[in-house]
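Coordinate-derived values only; no laboratory data. Nothing here was measured: the structure is a model prediction, and the numbers come from that model. Note: ideal-geometry Cβ built from the backbone for every residue, glycine included; neighbour counts use all protein chains shown.
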Amino acid sequence: MNLEKVIFGFFIVMALTLNFGFFIGDVDNPEHHHVYELAAAIFVNLVATILKFGDRSQVGAVLFATSLVADLQLIIAALVWGINTEMTPSIMASIVSLAGGAMLANIISVLLLVFEIMLLRR
């Protein structure tokens, strides 16, 4: 077992699960979405992006692109949360929608990783 690949896979899957944990719940209810969970999702996504940076293959380029998309959407979600002092259902829905887009990018990233692993085995 290659420890580097385990760590790489861990951060990719952890990025998806933290993002999912933040996303799940009533879209417009701030009590269902915690700011620290968003912060953790941003941090783990940034670490996953750094780990994807060195791969020079075509799949690696797409993995890196999906991470950049997820990072950008999560950072914008955090900025929207930070800029608005009064949390309305509309603002919360925007934040959760941005996190949902990041989650979709993370799902694509995990699927690409699984497909790449399946191709290597054959």
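Based on the Cβ-Cβ distance of VAL13 and PHE53, what FRET efficiency does E = 1/(1 + (r/R0)^6) give at R0 = 30 Å, to the nearest 0.05? That pair, VAL13 with PHE53, gives E of 0.95. Just so you know, the Rg over Rh for the stretch 14-122 is 1.04, from Cα atoms, with Rh as the Kirkwood radius. Basic side chains Lys and Arg get +1 at the Cβ, acidic Asp and Glu get -1 at the Cβ, and with that the dipole of the chain about its Cα centre reaches some 660 debye. Would you mind checking the stretch 95-112 for residues with the amide N under 19 Å from a putative spin-label position 7 Å along Cα→C-beta of ASN2? Counting backbone N atoms under 19 Å from the label point, the list is 109-112.
ASP26's amide H: which non-local residues (gap 5+, or another chain) put their own amide H closer than 5 Å, with H modeled 1.01 Å from N in plane and none for Pro or chain starts? Answer set, sorted by chain and number: none.
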